[in-house]
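Below: one structure, written as structure tokens.
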Amino acid sequence: MKIRIGTPPVEILAIADTGSDLTWTQCKPCSRCYNQTAPLFDPEKTKTYRKVSCKSKQCSEVGSCDSSNNCKYQVSYGDRSYSIGDLAVDTFTFDSNYRKKVSFPKVAFGCGHQNGGTFKKTGSGIVGLGGGSSSIVKQLDKYIGGRFSYCLTFIDSNASSRISFGREAIVRGRKVKSTPIVSKYPDTFYYLTLEGVSVGSERLEYNSINSNSKESVEEGNIIIDSGTTLTFLPGDFYYKLESTLVKAIRGKRVSDSQANFGLCYALPRNGKFNAPPIVAHFRGADVELRQESTFLEVENGVFCLTLVPSQDLAIFGNLQQMNYHIGYDLKNLKVSFLPMDCSKTSR
């Protein structure tokens, strides 16, 4: 996602992440940073940059004070990536359909001086789109009305993904399906209720005490996260899903060289890998999982299932969200899905 920070504005390319709150970018001086293509953000070259006071509410919610009375933040992620630096405010500028650009003053963000992990050199940090108070979504709430949406293109697409806020973000169309957001702790995450998954005509109930009763499914049993690549499912349910797929798929099972995936197949001689339709049944919204992203060619001639077992939080990852226009309405507490070729809607 492209944003502009500062006065004059400096363009930053960062990961749009619904699974975290604080927005941050790599900053000068950098004592320990990962390599990035773009120049580091220099707070001394923007007229509107200010460090957050230790006495402020923002500091008490997000950071802590060091011995020099500076408000510092420290964030870490599930893949052990991290960022440490100064909590600050500056002017954020976004593109708009209605005006060329729109700016918002005094947006809190992290100026990262120690950053590392699995970040690519093309990006320079994280745009936090979570539900917590420090996220961009909550900071701009009076302007965007709790609405944002995105349309993620497939990995091999040359087009850019799209993200919208406010009235531009409403998802419309005859095929829109919506599911409730469940309020739970922590408020960073957007919790949804997954009732089951179908493989072809066979439906598997998800975390159900009584398979004949939808009410036995725990509400808010999975989060939707644009910043996580794979979809993570509880082990017991995943292995039921895997065994069902094994029965339905004709092909030669193989292992990927990195041993990251549980179910992999060799590409058939005819050059076409086919899997049965897979549908995720969220409460009120059936979402078909596209084969192009659900079975990914992870190495030459090897296709692997991008749903994997986990002992931790269940996550609906971004591969399964591709080619859907996904809208978040935090006033009415719902997430909407509309099938769409996102490569044709990018701008």
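The calculated pair-distance distribution of segment 238-344 uses every alpha carbon pair, bins of 5 angstrom beginning at 0, and gives 2, 10, 19, 22, 18, 14, 8, 4, 2, 1, 0 percent.
Based on the convex hull around the alpha carbon atoms, the chain presents an average projected area of 19.1 nm².
Expressed as a whole percent, the accessible surface of the chain that belongs to carbon and sulfur atoms is 47, based on a 1.4 Å probe.
With all projection directions averaged, the alpha carbon convex hull of segment 151-269 covers 11.5 nm². Site pair Gln291 and Val176 shows an inter-label distance of 3.1 nm when each label is modelled 7 Å from Cα along Cα→Cβ.
Around the amide H of Gly196, modelled in the peptide plane, lie the amide H atoms of Tyr206, His281, all under 5 Å away and 5 or more residues distant in sequence or on another chain.
Dipole of the chain computed with +1 at Lys/Arg Cβ and -1 at Asp/Glu Cβ about the Cα centre; of Gly220, Val10, Cys59, farthest Cα towards the positive end is Val10.
Taking 7 Å steps out from each Cα toward its Cβ at Asp256 and Glu61 produces label points 3.8 nm apart.
A DSSP coil position with no more than 13 other Cβ atoms inside 10 Å describes the following trypsin sites (Lys or Arg not before Pro) in segment 1-56: Lys47, Lys55. Ranked by the mean number of other Cβ atoms within 10 Å of their residues, highest first, the peptides 318-331, 190-203 fall in the order 318-331, 190-203. Size descriptors for segment 293-343 (Cα atoms only): Rg and Dmax, in that order, 14.3, 46 Å.
Between Asp66, Asp86, Asp17, the GNM of the chain built on Cα springs shorter than 10 angstrom shows Asp66 fluctuating the most. Approximating the spin labels as points 7 Å out from Cα along Cα→Cβ, the Val246-to-Thr37 distance works out to 4.2 nm. Using a probe of 1.4 angstrom and keeping all protein chains present, the accessible surface of the chain works out to 51 square angstrom per residue. Per-residue extension of 0.36 nm, minus the Cα-Cα distance of Arg80 and Lys142, leaves a gain of 19.0 nm for this segment. For segment 8-149, averaging the sequence separation of C-alpha pairs within contact (under 8 Å, six or more residues apart) and dividing by the residue count gives a relative contact order of 36 percent.
Amide H contacts under 5 Å for Ser226: Thr18, Gly19, restricted to partners 5 or more places along the chain or on a different chain, H placed in the peptide plane at 1.01 Å from N.
Once the Cα-Cα distance is subtracted from the 0.36 nm per residue extended length, the Ser201 to Glu11 segment shows a gain of 63.6 nm. Between Leu263 and Leu305, the built amide H atoms are under 5 Å apart, and every one of these is 5 or more places off in sequence or on another chain. Within straight-line reach of Lys47, meaning a Cα separation under 20 Å, sit the following lysines at least 8 residues removed in sequence or on another chain: Lys28, Lys101, Lys106. For Lys175, the lysines whose Cα comes closer than 19 Å to its Cα, not counting residues fewer than 8 places off in the same chain, are Lys334, Lys344. Only the Cβ atoms of Lys and Arg (+1) and of Asp and Glu (-1) were treated as charged; on that basis the dipole of segment 122-190 about its Cα centre amounts to roughly 380 debye.
For Lys72, the aspartates and glutamates whose Cα falls under 13 Å of its own Cα, not counting residues fewer than eight places away in the same chain, are Glu61, Asp86. With only Cα atoms counted, segment 1-108 has Rg and Dmax values of 14.3, 46 Å.
The values are calculated or read from the model by the stated rules, or taken from the named source; none is laboratory data. Computed from a predicted structure; not experimentally measured. Quick reminder, even Gly has a Cβ in these numbers, built from the backbone with ideal geometry, and neighbours come from all protein chains shown. Keep in mind that these areas ignore ligands, DNA and RNA; they rest on the heavy atoms of the full protein, side chains included. Shrake-Rupley method; radii C 1.70, N 1.55, O 1.52, S 1.80 Å.
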